[in-house]
Amino acid sequence: MSAPTDVSPSLISTLPGLSYTDPALFGREQEKIFEARWIAAARSADLDGPGAFRTLDVGRENVILVRGRDGQLRAFLNVCRHRGARVCMEPSGVARRNLQCGYHAWTYGLDGKLVAAPNLTKMPDVDRTEYGLVPVPLREWLGYAWVCVADEPPSFDATVIGAVTERLGGAGVIERWDIENLEVGRRISYDVRANWKLIVENFMECYHCATIHPELTEVLPEFADGFAAQYFVGHGAAFADEAEGFTVDGSAGVSVIPGVVDGHDRKYYAITVNPQVFINLVPDHVIFHRMYPAGPDRTVVECDWLYLPEVVRSGRDLDSSVELFHRVNQQDFDACERCQLAASSKAYAQGGVLVPSEHHIGAFHSWVTEQLAT
């Protein structure tokens, strides 16, 4: 059995099945995409004091983010300059004074400079800055620390801010949500047994919404027609007339973010920032997804629900607000796992097809193909 070679005019082809299963191709994606682009690594406020650190994989590299005594957030490759051991083994924590390699005790300041090592004073020719931790470019935007491990990072303004601006139809529109100053009301991590591209594709379309998202389509009825909000530049999906807020039961939400006015109230906006960020905007909160591929068939997704500080600090019950998109996430990830299970089938060797309301996913496929060709 083989997939059909002729595609009807209404349909366009997807990537082949191997794109979602092949370890060698996944390795190239790590190198050519995740090591070459800006990656949202952490919520800056999570690293809230001197010595606070987090480690994470970026492609094939492991990166340390650490808050210095000067209050500045920095990033470094998590590799000792002596014999190449990993410096920080824990995923997060607080370094009391320095970062010390557990192998030969080479010790680095929170600014990355080599400050101590056994017998270092007997080697006055060793440049402590030259043999410090290798710095990684870092930008803070929307309250998140973004890193890029490429030798020559692409323009942050063009690739990250530009993607958001293009989707919303204007520069500065996203600033109305004041995301930098919101606080995390809830964070949920999902271990998804699916390729990262399947998750991106799912987020970009709503052809599936009427089938698997009954709660979401009750609040956003236009999604039942199959067109995702991302399909149209600047478009936000309107709430149902009877929905008081973006909640699982349509009840009223929490305090609206003050800047969300002038036509943005009672609407939902979805944004994809390649390769691993989804931003969801509603009047009273923001839902921010970060994806971390862990293998060709596994992706860890960290999802933050962000609210006004006074809402979070008041202890107000956020369950109905969080539950709506938590269910959407579970429903979506279940669908992605179903696709992953079948991606290696000979029936999908040549891939599938995209219907007209999914054609914009073809641009994502082209983007992936272009990155791998560089």
*Starting from the amide H of Y108, placed 1.01 Å from N in the peptide plane, find each other amide H under 5 Å away whose residue is 5 or more places distant or on another chain.*
L99, Q100, C101, V115
*asked:* For a test of the definition: using alpha carbon positions, the gyration tensor, and the 1.5 limit on a/c, classify the chain as rounded, prolate or oblate.
replied: oblate
*Angle, helix 319-342 long axis vs. longest principal axis of the chain, Cα atoms, 0 to 90°, nearest 10?*
90
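So, with +1 on the Cβ of K and R and -1 on the Cβ of D and E, and no other charges, what is the size of the charge dipole of region 1-79 about its Cα centre, to the nearest 20 debye?
320
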_Per residue, how large is the accessible surface of region 110-265? Use a 1.4 angstrom probe and give square angstrom._
48
*J(HN,Hα) series, region 101-116, from Karplus relation 6.51 cos²θ - 1.76 cosθ + 1.60, nearest Hz, glycine and proline x*: 6, x, 8, 10, 6, 5, 10, 10, x, 5, 8, x, 6, 5, 10, 7
*Which value, in debye to the nearest 20, gives the size of the charge dipole of region 54-119 about its Cα centre, when Lys and Arg are +1 and Asp and Glu are -1 at the Cβ?*
120
_Residue among A41, A294, A347 with the largest mean-square fluctuation in a Gaussian network model of the chain, springs linking Cα atoms under 10 Å_ = A347
_Using θ = phi - 60° and Karplus 6.51 cos²θ - 1.76 cosθ + 1.60, couplings along region 287-293 (whole Hz; Gly, Pro as x)_ = 10, 10, 9, 10, 9, 10, x
_Restricting to Cα pairs below 8 Å that are 6+ residues apart, what does the relative contact order work out to for region 39-147? Please round to a whole percent._
28
*Among W106, I39, G49, whose Cα sits farthest toward the positive end of the charge dipole of region 39-147 (+1 at Cβ of Lys/Arg, -1 at Cβ of Asp/Glu, about the Cα centre)?*
W106
*Pairwise Lys count, the chain - Cα closer than 29 Å, eight or more residues apart or different chains*: 5
*asked:* Taking only the Cα atoms of region 221-374, how large is their convex hull per residue, in Å³?
replied: 153
*What dipole magnitude, in Debye to the nearest 20, does the chain give about its Cα centre under +1 on Lys/Arg Cβ and -1 on Asp/Glu Cβ?*
1780
*Computed E for R327/L120 - FRET, C-beta separation, R0 56 angstrom, nearest 0.05*: 0.50
_By the 4.7 Å beta carbon criterion, which cysteine residues of the chain come out unpaired?_
C88, C148, C303, C336, C339
*In sequence order, what are the phi-derived ³J(HN,Hα) couplings for region 201-210 according to the Karplus relation 6.51 cos²θ - 1.76 cosθ + 1.60 with θ = phi - 60°, rounded to whole Hz, with x for glycine and proline?*
4, 4, 5, 7, 10, 10, 4, 8, 4, 5
*Work out the charge dipole of the chain with +1 on the Cβ of Lys and Arg and -1 on the Cβ of Asp and Glu about the Cα centre, then indicate which of L142, A95, V115 is farthest towards its positive end.*
V115
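The values are calculated or read from the model by the stated rules, or taken from the named source; none is laboratory data. These numbers were taken from a predicted model, which means no experiment stands behind them. Every residue, glycine as well, gets a Cβ built from its backbone with ideal geometry; the counts of neighbours run over all protein chains shown. Keep in mind that these areas ignore ligands, DNA and RNA; they rest on the heavy atoms of the full protein, side chains included. Shrake-Rupley method; radii C 1.70, N 1.55, O 1.52, S 1.80 Å.
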